[in-house]
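Please read the structure below before turning to the comments.
The values are calculated or read from the model by the stated rules, or taken from the named source; none is laboratory data. This is a predicted model, so every value here is computed, not measured. Cβ sites come from the backbone with ideal geometry, for glycine too, and all protein chains shown count toward neighbours.
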Amino acid sequence: MKILVAIKQVAAHDSQFRIDAAGRWVEEAGLAFEINEPDAYALEAALQLKEKYGGEVVALAAGPSRVARSIREALAKGADRAIHVEQDLVALDALAVARLLAAAARPESPDLLLTGLQSDDLGYGQTGVILAELLDLPHATIIMDAEVLDGAVRVKRELEGGWFQHVELALPAVLTVQSGIRKLRYATLMGIKKAKAKQIKRLAGEELGLPGEPAVITERVYLPERTRQTVMLEASPKEVAAALVEKLRFEARVL
């Protein structure tokens, strides 16, 4: 079984963010980067499927040269090899990124293609399902567990209100994995050493064809604007208390 895992590199949660000069994204100088947390869970799910059913896990990532560090981390955790699509993603939306990933994944003919539910930086939650559409594959989202059958995969999906859904999909298929479903493994010293010898196939974005004009364009990124407003409540103490509770509940939303 061949499992492709799409991983994205994002800025670390504890980074100090500053808006860049163009006002359309954050200044990347000085930021620390890491594997997108939902994608890390997709990688863990892929590694556990490999341990149970055999085969290989291929990490697939798009981004600039710095992404190689996150790819090496995926290899150190147990991925067998990797594909790096070298392309700046800042100006690309979910559709354009999915086009690049689909072009890189198509020649691999994977049995399963896993992604995280969404990215920590943009949070579109669309790349995985668009990728399935471009590859003309069945897909399921918010996956909690997966069991490989004869020519199919049976998955457990998380629904609202504590409900779950079990769905069977024909292989090959695309799954977007829910975060927190398993404990993430650490890269061992032996894994880090082995990662140095594992193959990373590098593809330029131009080799895969231009992703096309983005359907979504970011015009401006800015910090939330803070405003202060004083409201005087004049009435009896009982009426003031009732009005205050209403404002705290529906306007300030702190109750």
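Yes/no per residue for (1) of a type in the set (Lys, Arg); (2) in contact with a Lys or Arg (Cβ under 8 Å, 6 or more places away or on another chain); (3) closer than 18 Å to residue 118 by Cβ:
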position: 3; (1), (2), (3): no, yes, no
position: 12; (1), (2), (3): no, no, yes
position: 24; (1), (2), (3): yes, yes, no
position: 32; (1), (2), (3): no, no, no
position: 35; (1), (2), (3): no, yes, yes
position: 38; (1), (2), (3): no, no, yes
position: 41; (1), (2), (3): no, yes, yes
position: 45; (1), (2), (3): no, yes, yes
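One residue stands out in region 33-44 among those that are in contact with a strand residue (DSSP E or B) (Cβ under 7 Å, 6 or more places away or on another chain) and either among the small types (Gly, Ala, Ser) or assigned to a loop (DSSP other than H, G, I, E, B) (or both): the one that is farthest from residue 8 (Cα to Cα), namely 42.
Yes/no matrix, rows are residues, columns are (1) modelled with pLDDT under 95; (2) out of contact with any strand residue (DSSP E or B) (no Cβ under 6 Å at 6 or more places or on another chain); (3) outside any helix (DSSP H, G or I):
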residue	(1), (2), (3)
115	no, no, yes
133	no, yes, no
137	no, no, yes
154	no, no, yes
168	no, no, yes
187	yes, yes, yes
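Exactly one residue out of 233, 255, 223, 248 is out of contact with any strand residue (DSSP E or B) (no Cβ under 7 Å at 6 or more places or on another chain), of a type outside the set (Gly, Ala, Ser), more than 29 Å from residue 69 (Cα to Cα) and in contact (Cβ under 8 Å) with a residue 60 or more places away in the chain, and it is 223.
Going by the conditions given, is residue 118 closer than 22 Å to residue 69 by Cα, under 13 Å from the mean Cα position of the chain (by Cα) and not aromatic (Phe, Trp, Tyr)?
Considered against the rule, which asks whether it is closer than 22 Å to residue 69 by Cα, under 13 Å from the mean Cα position of the chain (by Cα) and not aromatic (Phe, Trp, Tyr), residue 118 comes out as yes.
Among the residues of region 12-71, the ones that are at pLDDT 90 or above, surrounded by fewer than 17 Cβ atoms within 10 Å (Cβ to Cβ) and of a type in the set (Lys, Arg) come to 3 in all.
Considered as a group, the residues in region 217-252 that are more than 30 Å from residue 62 (Cβ to Cβ) and among the β-branched types (Val, Ile, Thr) include one that is surrounded by the most Cβ atoms within 10 Å (Cβ to Cβ), and that residue is 240. Among the numbered conditions (1) over 30 Å from residue 27 (Cβ atoms); (2) out of contact with any Pro (no Cβ under 9 Å at 6 or more places or on another chain); (3) buried (at least 17 other Cβ atoms within 10 Å of the Cβ); (4) not β-branched (Val, Ile, Thr), the only one that residue 163 does not meet is (3).
Go through the residues of region 211-219 one by one and say whether even a single one is among the acidic types (Asp, Glu), within 30 Å of residue 84 (Cα to Cα) and either under 23 Å from the mean Cα position of the chain (by Cα) or modelled with pLDDT under 85 (or both).
Quick first cut of region 211-219, residues among the acidic types (Asp, Glu) only: 213, 219.
Of the ones still in play, those that are also within 30 Å of residue 84 (Cα to Cα) are 213, 219.
In the following step, the residues that additionally are either under 23 Å from the mean Cα position of the chain (by Cα) or modelled with pLDDT under 85 (or both) were identified as 213, 219.
Yes: one or more hits.
Of everything in region 201-216 that's part of a loop (DSSP other than H, G, I, E, B), of a type in the set (A, V, I, L, M, F, W, C) and touching a residue at least 60 places away in the same chain (Cβ under 8 Å), which residue is surrounded by the most Cβ atoms within 10 Å (Cβ to Cβ)?
Let us first name the residues in region 201-216 that are part of a loop (DSSP other than H, G, I, E, B), namely 209-216.
Then keep just the ones that are of a type in the set (A, V, I, L, M, F, W, C); that gives 210, 215-216.
Still in the running and touching a residue at least 60 places away in the same chain (Cβ under 8 Å): 215-216.
Numbers: 215: 9, 216: 12.
Among those residues, the one meeting the criterion is 216.
Conditions tested, residue by residue: (1) over 21 Å from residue 204 (Cα atoms); (2) not in a helix (DSSP H, G or I).
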site: 79; (1), (2): yes, yes
site: 82; (1), (2): no, yes
site: 98; (1), (2): no, no
site: 122; (1), (2): yes, yes
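Scanning region 72-107 for residues that are within 20 Å of residue 47 (Cβ to Cβ) and surrounded by fewer than 19 Cβ atoms within 10 Å (Cβ to Cβ) gives 80, 81.
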